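Any read-out appearing in this document is the output of simple, stated calculations on the displayed coordinates, not a laboratory observation. Values in this document were obtained by computation on a predicted structure and should not be read as measured data. Counting neighbours? That spans all protein chains shown, and the Cβs are built from the backbone with ideal geometry, glycine included.
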Amino acid sequence: MSVVQIEDVSKHYTLGEQQVQALDGISLSIADGVFLAIAGPSGSGKSTLLNMIGCIDTPSSGSIVINGEDVSGKSADQLADLRARTIGFIFQTFNLLPVLTAAENVEYPLLQLKELSAQERRARVASYLDIVGLSAYAHHRPNQLSGGQRQRVAIARALATKPKIVLADEPTANLDHKTGTDILMLMKSINRRYKTTFIFSTHDRRVMAMADRLVKIEDGRVVLLGVRRAKKWTVIKPSARPEIHAKGDNDES
């Protein structure tokens, strides 16, 4: 089953009198549970595509279906509710609230889920801080944590709503090599254990090497799809109008 279905999506912006084509006729199906990297040079459109999947931006044409819901025509409030319940976000700059503790940062998105009691929120926060190995740091504020610890808090926050999809925008960019590798290993283990779909926008070759699906974008078009099977990559070069299926079929990674 596809958790993301993108059909012939294009996106253009107007800058002064100039039209900028960020995405050009992309079609892509992403199955539930994959660990997928979207790669490409700066300005290629990969961040725009991630924002489309995250319902932060909307396409100029084409359609996007997230977890069975067509997002076309939804209001800002409806998109916000879909994001709150379906999509978690991890950013390269962590985006933690500096006045809140680690536990309070993880709890923050849960406040939108009115069906959760305070006790249920606290239990969920404790559970996800434990998953990322930060139970002992629950009452530390971000400025009392290392970069790697802050990114772990961000991962716990992204997972706390139990989303179907976690979107990670250059999550290792502000981390040293060892810390970045440790963070990637943590996310891969969460992907395998909980079957959460992870979609990365990245320049990092470590992310690409660890992914089981790879989508490369240039000039707003998908130019290559890599599928990992039995520890080897199968590379597919799409046609000029790509329609690519990144299936999660429990291949070995």
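A few points about this structure:
- Stokes-Einstein diffusion of the range 75-137 at 4 °C, 1.567 mPa s viscosity, Kirkwood radius from Cα pairs, rounded to a whole number: 100 µm²/s.
- Taking the Kirkwood radius as Rh and the Cα radius of gyration as Rg, the range 141-194 has a ratio of Rg/Rh equal to 0.95.
- 0 to 90° range, to nearest 10: angle between helix 177-194 axis and the chain longest Cα axis: 90
- For the chain, a Gaussian network of Cα nodes joined below 10 Å ranks Ile87, Ile217, Ile236 by mean-square fluctuation, and the top entry is Ile236.
- Residue among Val223, Val215, Val207 with the largest mean-square fluctuation in a Gaussian network model of the chain, springs linking Cα atoms under 10 Å: Val223
- Pairs of alpha carbons in the range 42-109 whose separation is greater than 16 Å (percent): 56
- Rounded tilt (10° steps) of 118-131 against the dominant C-alpha axis of the chain: 70
- The P(r) of the range 1-139 has a tail past 23 Å containing 48 percent of all C-alpha pairs.
- Scattering from the range 23-66 was approximated by placing one identical point on each alpha carbon and applying the Debye formula without solvent; log10 I(q)/I(0) at 0.15, 0.17, 0.26 1/Å stands at -0.39, -0.51, -1.18.
- Kirkwood hydrodynamic radius (C-alpha pairs) into Stokes-Einstein, the chain, 25 °C and 0.890 mPa s, D in µm²/s: 131
- Residue of Met210, Met185, Met52 that the Gaussian network model of the chain assigns the largest fluctuation, springs spanning Cα pairs under 10 Å: Met185
- Near the amide H of Glu218, within less than 5 Å, lie the amide hydrogens of Val223, all on another chain or at least 5 residues away, with H placed in the peptide plane.
- With a Cα cut-off of under 18 Å and a minimum spacing of 8 residues unless on different chains, the lysine pairs in the chain number 22.
- With viscosity 1.306 mPa s and temperature 10 °C, the Kirkwood radius over alpha carbon pairs of the range 94-183 converts through Stokes-Einstein to a diffusion coefficient of 120 µm²/s.
- Computed over neighbours whose Cβ is under 13 Å from that of Lys114, the net charge equals -1, Lys and Arg +1, Asp and Glu -1.
- Placing pseudo-labels 7 Å out from each Cα toward the beta carbon at Met185 and Gln144 gives an inter-label distance of 2.7 nm.
- Sorted on the mean count of surrounding Cβ atoms within 10 Å across their residues, most packed first, peptides 29-35, 133-139, 155-161 read 155-161, 29-35, 133-139.
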